[in-house]
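Everything on this sheet refers to the single structure shown next.
The values are calculated or read from the model by the stated rules, or taken from the named source; none is laboratory data. For clarity, every value in this text was computed on a predicted model and none was experimentally measured. Glycine gets a Cβ as well: all are built from the backbone with ideal geometry, and neighbour counts include every protein chain shown.
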Amino acid sequence: MLDWMQWLWLGLFLTALFIEFGTANMVSIWFAIAAIPSFIISLFSQNFAVQVVIFVVVAIIMLLLTRPFVMKYFKTNEIKTNVDSYIGLTGVCVKLIEEGSIGAAKVNNREWSAISNERIEIGEKVRVLDIEGVKLIVEKI
């Protein structure tokens, strides 16, 4: 019969797995995986401290080494909008844009806040390089 330590690791594994299925944040899955070696060790050793140390070490290693790699391919918090279609378009500066300050540019008949790493005078043409929040990042053409 399984003793309480084995039930603990099985319960932790199942709980972390269900939390991951419910949230899909790619955090609790690593705790579920870390519970497996601790469960296996509990079958052979009654030393609870060793089991906890193995659990913590495996969880930290899994979290630090694999989460950034996995999150690159599973972008769960990114919301796609059509604003990305503005990248590469040209427009006109309608409010002076200086390095370090926010100006404005008109692209597709819409006025946007705009920033640049160069000075752009009113009336000069600009190209949209990227979008940061609600600001266009532009360059002078």
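For segment 116-134, give me each residue that is in a strand (DSSP E or B) and among the basic types (Lys, Arg).
At the first step, the residues of segment 116-134 found to be in a strand (DSSP E or B) are 120, 125-132.
Of everything in segment 116-134, those that are in a strand (DSSP E or B) and among the basic types (Lys, Arg) turn out to be Lys125, Arg127.
Would you pick out the residues in segment 100-114 that are surrounded by 13 or more Cβ atoms within 10 Å (Cβ to Cβ) and among the small types (Gly, Ala, Ser)?
Gly103, Ala104, Ala105, Ser113, Ala114
Kindly indicate whether Gln46 is more than 30 Å from Val128 (Cα to Cα) and either in a loop (DSSP other than H, G, I, E, B) or modelled with pLDDT under 90 (or both). Break it down stepwise before answering.
Numbers: more than 30 Å from Val128 (Cα to Cα): yes; either in a loop (DSSP other than H, G, I, E, B) or modelled with pLDDT under 90 (or both): yes.
So Gln46 passes the test.
Say whether the condition of being assigned to a helix (DSSP H, G or I), modelled with pLDDT under 95, under 30 Å from Val134 (Cβ atoms) and charged (D, E, K, R) is met by at least one residue in segment 80-88.
In the first step, residues of segment 80-88 are kept if they are assigned to a helix (DSSP H, G or I); the result is 82-86.
Now drop any that are not modelled with pLDDT under 95, which leaves 82-86.
Restricting the remaining residues to those that are under 30 Å from Val134 (Cβ atoms) gives 82-86.
Next, only the ones that are charged (D, E, K, R) stay: 84.
There is at least one residue in segment 80-88 that is assigned to a helix (DSSP H, G or I), modelled with pLDDT under 95, under 30 Å from Val134 (Cβ atoms) and charged (D, E, K, R).
Say whether the condition of being of a type in the set (S, T, N, Q), loosely packed, with under 15 Cβ neighbours inside 10 Å and part of a loop (DSSP other than H, G, I, E, B) is met by at least one residue in segment 90-99.
Applying the first criterion (of a type in the set (S, T, N, Q)) to segment 90-99 yields 90.
Cutting the leftovers down to loosely packed, with under 15 Cβ neighbours inside 10 Å gives us 90.
Among the residues that remain, those that are also part of a loop (DSSP other than H, G, I, E, B) are: none.
No, that holds for no residue.
Residue by residue through segment 16-35, note down the ones that are in contact with a helix residue (DSSP H, G or I) (Cβ under 8 Å, 6 or more places away or on another chain) and either among the polar types (S, T, N, Q) or touching a residue at least 24 places away in the same chain (Cβ under 8 Å) (or both). I'd like the intermediate steps shown before the answer.
Start the filter on segment 16-35 by keeping residues that are in contact with a helix residue (DSSP H, G or I) (Cβ under 8 Å, 6 or more places away or on another chain), which leaves 16-17, 19-20, 26-35.
Residues satisfying the conditions are Met26, Val27, Ser28, Trp30, Phe31, Ile33, Ala34, Ala35.
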